Structures are given as C-alpha cells and as structure tokens.
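> Below you'll find the structure I mean.
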Amino acid sequence: MGNYAKIENGVCINTAVFEDEDTAIDFDYPVSLPDGYGIGDLYDGESWSHAPTPEPEPVDLAAAQQARQTENKAALAAWLDAHPLQWTDGKIYGVTEEDQREMALNLMQYQVAVQAGQPAVLEWHAQKESCRTFEQSEYVALSLAIADYVYPYLRYQESVKEAIYQAQTAEEVANVKIDYASVGS
C-alpha cells in the first residue's frame, strides 16, 4: 500500500493510494509519492520539491477602507431598520435614513403649501399603519425625537469611519470593530 502521483509537465496533478506499484502504473500513477508532498508539488523525474509559495496579492488599502466603510454604513442601516422608536403616543416609528428623509420632505412640502396659501394636511404614519393627520408641533416633536434617538448611532458611525481611515494596513482595517449594539451601553 502506498501513495502515488500523476505527473504532468513536472507537476503533481493528482495523488492516489494503491496496493502496489504495478497497479499504480496501470492507472497512470507512475511515481511513488514521499510523505510531505502532494498536488502542486514538483517532480523532475528524479527528485521532489515543494511548489513555490505564491506572493500574496498586494491589498489596496484605499479599496479595503472603502469596502469596510460600506459595511459600516450597511450595519447602521440594518440596525436602525431593526430598532425603530416607540414614541410618546405608544406607536412604533421607523428611524431609517429613508424615513427621516421622507419626513423632512413631507414637512417641507407642507410648509411650502402653507406659505403659498394652499390648503395642506400634514400626515405621517407609524410602522405598518396608514397615515394620520398631525399638528405641525406634534410632527416636529416626532421628527426631533427620531433625530435624538438616531444621533448616538450617527456619532458611533463617524467614530468607526475615522478608525477605518486611520488604519495603516488592510489587517487593521479588517479589525475595526463595528457593533451598533454597543452604542449607549
């Protein structure tokens, strides 16, 4: 019983175990394979040598930083999506960037309509509910409550971003901790 190698152009391309050398040769595995050698190693017809270790591809630090910052942004978005705000009315309101952008646009359009002397209704909705009418002061209070709720997470995102872009190696970039659950704890 022994290990045998199939060789092409001086490179071991496969190995197998056979009962004897004649069987190995019949299956086109003509070379006995010594311990410690295997697929990819070199055989010159007389002796074995290990395949050269390929040089690692250089890592583009800027690309690694950008990729990690993209992860940071996605982590914040996922956290905010999964952790809405329960407001003073007992209802649950979304706090994602999209929610905040829509609220700001809605308020701006309402204010423009009022200034133009057009009839306007200010509406917003809790999660999984239809819109209801808000007084402007109530709407602004909700908007500010969302901003206050999100603020510590935005500051954390910025601190992570700073750590990412201060890292000097791709390994340091990869080791920058992104943990939105730790905010406020």
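> Throw me the Rg/Rh for segment 2-49, computed over C-alpha atoms with Kirkwood Rh, two decimals.
0.92
> Just need the Rg to Rh number for segment 1-99, please, alpha carbons only, Kirkwood Rh.
1.54
> Are there GluC sites (Glu not before Pro) in segment 101-185 that DSSP marks as loop and that have at most 11 other Cβ atoms within 10 Å, and which are they?
Glu129, Glu135
> With viscosity set to 0.890 mPa s and temperature to 25 °C, compute the Stokes-Einstein D of segment 126-185, Rh being the Kirkwood radius across alpha carbon pairs; µm²/s, no decimals.
For these conditions, the coefficient is 170 µm²/s.
> Right, another one. Which of the DSSP-defined H helices in the chain satisfy a minimum axial length of 30 Å, computed from C-alpha atoms, and a minimum mean Kyte-Doolittle hydropathy of 0.5?
none
> Lysines within cross-link reach of Lys161: Cα-Cα under 27 Å, excluding same-chain residues under 8 positions apart?
The qualifying lysines are Lys73, Lys177.
> Using alpha-carbon positions, what is the distance between the centroids of segment 133-185 and segment 1-79, in Å?
If we compute the Cα centre of each part, the gap is 44 Å.
> Continuing with this model, one more query. Please compute the contact order of the chain in relative form: average sequence separation of alpha-carbon pairs under 8 Å and at least six residues apart, divided by the residue count, as a percent.
The normalised contact order for the chain reaches 16 percent.
> Show the residues, 5+ positions off or on another chain, whose built amide H is closer than 5 Å to the amide H of Val31.
For Val31, the qualifying residues are Ala5.
> HN-Hα J couplings of segment 45-52 from phi, Karplus 6.51/-1.76/1.60, θ = phi - 60°, integer Hz, Gly and Pro as x?
x, 10, 9, 9, 8, 6, 5, x
Coordinate-derived values only; no laboratory data. What you are looking at is a predicted structure, and each value in this text was computed from that prediction instead of being measured. Because the Cβ atoms are built from the backbone with ideal geometry, glycine has one as well, and the counts that use them run over all protein chains shown.
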